[in-house]
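Peer 1: Mind having a look at this structure? Questions to follow.
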Amino acid sequence: MTSNDDYILEILEDVGLLQHEQAIEARNMATQEDMAVLDWLDREKVLDKRTALTALAHQFGMESLILTGHEIEKDVLELVPGDVCQRYKIVPVYKNGDTLTVAIGDPLDVDTLDSLRYLLKCNIEGVVALPEEINKAIANYYGRAAGAVDEALNAMSDENGNIPDSVQQQLVAEDDVTESDAPIIKLVSLIIMEAFRMRASDIHLEPMPKKFRVRYRIDGVLHEVDSPPKRLQSAIISRVKIMANMSIAEKRIPQDGRIQINVMGRDLDLRVSSIPTNHGESIVMRILDKAGIALGLPQLGFFADDQQTFERLIGLSDGIILVTGPTGSGKTTTLYACLNTINKPDRKIITVEDPVEYQMSGINQVQVRSEIGMTFSAALRAILRQAPNIIMIGEIRDYETAEIAVNASLTGHLVFSTLHTNDAPSAVTRLIDMGVKPFLVASSIRAIMAQRLVRKICEKCKEPYTPDEAELRLLGPAAQQLQNVQLYHGKGCPDCNYTGYKGRIGIFEIFLIDDQVRNLIFEKVASTELRQKARELGMRTLREDGIRKIVAGQTTLEEVLRVSMGDSN
């Protein structure tokens, strides 16, 4: 049952469509079978769903509409993007003056109507139609995945809308069935295809107590999308595990796998992780788009001065260059962009990664496999005997790896790596805490760059706006830099899924290690003192670089505040 079902039963009882005993039975059985009460009443032929919806609509002063056979004019359809129709399960039916009428499946869902008024910037009125007819209309007029998902589900359901156990077992047990023979395969493919189309970086399949939630991470933010029925949870998870060469029999321990798939003519790698939870296995599929790594430094978001500094650094012949930041801040992408820039035939480049996320031509990539003793440190010792010019270490996690990286840099190798620290100067303290001697840290490190990712304003719906006083107060003294500056944000459009943002760029904090800084590192000073010195020498903080990108109209004040809240100015 849903949260509104009790109220629905009360209304149906008040208008005389249900007896009290029937309402009690419907409530109990719908709860027991985890169904919406109207679906249960319709299935058991106690009350036709159309009759029930018509009665509910009249109670809320709404009309009802039979969508089957109803022709919708093209100019009306163009008023509402297909993405919005799918997200809210509505379809526009006609327009009268400034008022757009949309068909909605739940007359109690006033939140959807309010959201549409905000998104579409016009008056919205609702008429009630059967959800099944709305889904068909979306499929007919917009031709998107929602209709295909419904078609896939209907193809494997019995007359009561359930998936027989025998069908589920067949779908997960056979890997050689064709797409037409096994609609569940089509359903999983649609989930992946929609994620790619929406530019998602990962797909989250999450078992909840009464639902099977599907979420896409788009530009670093999770968005919930239409979820398959809970009854398909086991079949979908098993299908994904088969595709990733994981054991479908083992459900008690975490597993990792990989899927290679072609979507819309693009070769994608999906890194798959499963972990057991209270309500089933949770799956995360990280989408690795091979075409997305051919980035140069300008695409990362560097301004000309920072790019010039960084290009000089990656052109050095030896030393360590560290990129720091939390998980998901784009460190690996930055390292790959560096390798792309300096990957020349006269240089030998070897990487040690866990895992190897992207295959790069002309570069020797080594996969860490701790279970057989192929650790970061073991791999590093071996690759030094391969006489590389440049080494990339996925992450410095312990003293042994740090020590080898330092020694490699001091013997004529250029070393790139990452650390998990909040700002650039803290990386020095972190290495010393690991056990690396201060004089070795000072001698080997050439520069440390902290970074974060901020969402870019959508160019299609970019418009000027004025921030309120509360936002400016959060910036502190830095707010003075935004005085008399025209700021921008995205108002939301179909191209950006009404978020106002499309794509991401980096904001950077580049800490150059010169002789003055080396003396401080020798003396083992605190990271706050190092930071203060770096500021005196001209280092811009993450927030200051973010403000430059606000002024340039690339991102918003809200985004910079979100990712640099801990940054002191």
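Peer 1: For region 1-57, enumerate the residues that are among the small types (Gly, Ala, Ser) and in contact (Cβ under 8 Å) with a residue 60 or more places away in the chain.
Peer 2: Ala57
Peer 1: Filter region 411-465 down to residues that are assigned to a loop (DSSP other than H, G, I, E, B), surrounded by 18 or more Cβ atoms within 10 Å (Cβ to Cβ) and free of Cβ contacts under 8 Å to residues at least 12 places away in the same chain, then give me how many there are.
Peer 2: Residues in region 411-465 being assigned to a loop (DSSP other than H, G, I, E, B), surrounded by 18 or more Cβ atoms within 10 Å (Cβ to Cβ) and free of Cβ contacts under 8 Å to residues at least 12 places away in the same chain: 0 in total.
Peer 1: Which of the residues belonging to region 377-410 are more than 23 Å from Asp433 (Cβ to Cβ), open to solvent by less than 60 Å² (accessible area, probe 1.4 Å) and in a loop (DSSP other than H, G, I, E, B)?
Peer 2: Of everything in region 377-410, just one residue is more than 23 Å from Asp433 (Cβ to Cβ), open to solvent by less than 60 Å² (accessible area, probe 1.4 Å) and in a loop (DSSP other than H, G, I, E, B), namely Pro388.
Peer 1: Starting from residues that are more than 29 Å from the chain's Cα centre (by Cα) and part of a helix (DSSP H, G or I), keep the ones in region 92-136 and report whichever is surrounded by the most Cβ atoms within 10 Å (Cβ to Cβ).
Peer 2: Glu133
Peer 1: Let me ask something else about it. In region 1-45, which helices (runs of 4 or more DSSP H) lie fully inside it and hold 1 or more residues that are under 14 Å from Leu56 (Cα atoms) and modelled with pLDDT of 85 or more?
Peer 2: Fully inside region 1-45 and qualifying: 5-14, 37-43.
Peer 1: So in region 315-337, with the set limited to residues that are free of Cβ contacts under 8 Å to residues at least 60 places away in the same chain and of a type outside the set (Phe, Trp, Tyr), which one is surrounded by the fewest Cβ atoms within 10 Å (Cβ to Cβ)?
Peer 2: Result: Gly315.
Peer 1: To continue, here is another question. Looking at Lys186, Lys211 in this structure, which one is open to solvent by 20 Å² or more (accessible area, probe 1.4 Å), under 19 Å from His279 (Cα atoms), in contact with a helix residue (DSSP H, G or I) (Cβ under 7 Å, 6 or more places away or on another chain) and at pLDDT below 90?
Peer 2: Lys211
Peer 1: Next question. Residues that are under 16 Å from Arg87 (Cβ atoms): find the strands (runs of 3 or more DSSP E) completely inside region 176-256 holding 3 or more of those.
Peer 2: Passing ranges, in order: 212-218, 221-225.
Peer 1: Right, another one. Looking at region 213-223, which of the residues that are on the phi < 0 side of the Ramachandran plot and touching a residue at least 40 places away in the same chain (Cβ under 8 Å) is nearest to the chain's Cα centre (by Cα)? Spell out the reasoning first.
Peer 2: Step one: of region 213-223, the residues on the phi < 0 side of the Ramachandran plot are 213-218, 221-223.
From the residues that got through so far, the ones that are touching a residue at least 40 places away in the same chain (Cβ under 8 Å) too are 218, 221, 223.
On the way: Ile218: 4, Val221: 5, His223: 7 Å.
So, considering only residues that are on the phi < 0 side of the Ramachandran plot and touching a residue at least 40 places away in the same chain (Cβ under 8 Å), the one nearest to the chain's Cα centre (by Cα) is Ile218.
Peer 1: Are any residues in region 126-144 touching a residue at least 60 places away in the same chain (Cβ under 8 Å) and over 20 Å from Pro494 (Cβ atoms), and if so, which ones?
Peer 2: Scanning region 126-144 gives Gly126, Val127, Val128, Ala129, Leu130, Glu133, Lys136.
Peer 1: For region 485-508, check the following and say yes or no: at least one residue is in contact (Cβ under 8 Å) with a residue 24 or more places away in the chain, touching a Pro at 6+ places or on another chain (Cβ under 8 Å) and part of a helix (DSSP H, G or I).
Peer 2: Yes, region 485-508 has at least one match.
Peer 1: Six or more apart or on different chains, Cβ atoms under 6 Å: show the pairs whose first residue is in region 269-283 and without any contact (Cβ under 8 Å) to a residue 24 or more places away in the chain and whose second is of a type outside the set (D, E, K, R) and assigned to a strand (DSSP E or B).
Peer 2: Ser273/Val284; Ile275/Ser282
Peer 1: Under 20 Å from the mean Cα position of the chain (by Cα) and open to solvent by less than 40 Å² (accessible area, probe 1.4 Å): is that true of Gly500 in this structure? Write out each step before concluding.
Peer 2: Numbers: under 20 Å from the mean Cα position of the chain (by Cα): yes; open to solvent by less than 40 Å² (accessible area, probe 1.4 Å): yes.
Yes; evaluated as a whole, the condition is true for this residue.
Peer 1: For region 513-549, what are the residues that are in contact (Cβ under 8 Å) with a residue 12 or more places away in the chain, in a loop (DSSP other than H, G, I, E, B) and crowded, with 16+ Cβ neighbours inside 10 Å?
Peer 2: Hits for region 513-549 are Ile513, Met539, Arg540, Thr541.
The values are calculated or read from the model by the stated rules, or taken from the named source; none is laboratory data. If you're wondering where the values come from, they're calculated on a predicted model, not measured in any experiment. Ideal geometry is used to build each Cβ from the backbone, glycine not excepted, and the neighbour counts take in all protein chains shown. Please note that ligands, DNA and RNA were not included when accessible areas were found on the heavy atoms of the full protein model with its side chains. Shrake-Rupley method; radii C 1.70, N 1.55, O 1.52, S 1.80 Å.
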